[in-house]
Amino acid sequence: MRRSSYRSDVMQAMFYWLMVVLRLAFGALFVFSGLNDLLHFWQPPAPVTPQTQALMQGLVGSGFILPVLGVVYLIGGLTVLFNRFAALGLVILAAPTVVIFSYHATEHHLLGPGLAVLIVHLLLAWQRRDAYVDLFQANPARRRAAQSGRISAVST
């Protein structure tokens, strides 16, 4: 019995550190991308397909979307990287993650980079799933009041 408890503790520790490494890598990716969108210190590979070329031409041509994305990436990435308001940071980065996944799917990368970003995002969000409960409640204030005993759960 003691041996299985030890294995369980080791597995929990390994999972904890895996999630820490994934969180740091995910946050650093978005901080790097945000700074790059603002400061232009690294040129990403050019888009290959006509669809992604049109997307990038539109983003660059607008003159303001890439800096706005840079700020969004930077704020979201910093919250995840420093584990402060990380649940909010993951919400902020949800739409960009879907766009990154779709972009790489369209680029014929066999979903590699985009799928990796999406999976890590989902794992990190799942780890913080309790923070999102109120987002899916019609009346979260009433639910919290009912849980604290201030009102009955069946009253209207």
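Taken together, the values in this text are just the output of simple stated rules run on the coordinates, not laboratory data. Bear in mind the structure is a predicted one, so any value in this text is a computation, not a measurement. Virtual Cβ from ideal backbone geometry, glycine too; neighbours counted across all protein chains shown.
Ranked by the mean number of other Cβ atoms within 10 Å of their residues, highest first, the peptides 12-22, 31-41 come out as 31-41, 12-22. If the segment from LEU24 to TRP126 were pulled out straight at 0.36 nm per residue, it would be longer than the present Cα-Cα gap by 35.1 nm.
Annotation: average projected area of segment 30-83 is 3.9 square nanometres, based on the convex hull of Cα atoms across all directions. Per the Debye calculation on segment 54-125 with a single equal scatterer at every Cα and no solvent contribution, log₁₀ I(q)/I(0) for q = 0.16, 0.25 Å⁻¹ amounts to -0.62, -1.12. Scanning the chain for long hydrophobic helices, with DSSP H runs required to stretch 30 angstrom or more by C-alpha along their axis and to average at least -1.0 on the Kyte-Doolittle scale, returns 2-39. Residue by residue, segment 82-87 carries 3J(HN,Hα) couplings of 8, 6, 10, 6, 4, 4 Hz when phi is fed to the Karplus relation 6.51 cos²θ - 1.76 cosθ + 1.60 (θ = phi - 60°); x denotes Gly or Pro.
When only alpha carbons are used to place a centre, segment 8-53 and segment 115-133 end up 14 Å from one another. Rounded to whole Å, the principal axis extents of the Cα atoms in the chain read 56, 51, 27, largest first. In a reduced charge model with +1 at each Lys and Arg Cβ and -1 at each Asp and Glu Cβ, the chain shows a dipole moment near 860 debye about its Cα centre.
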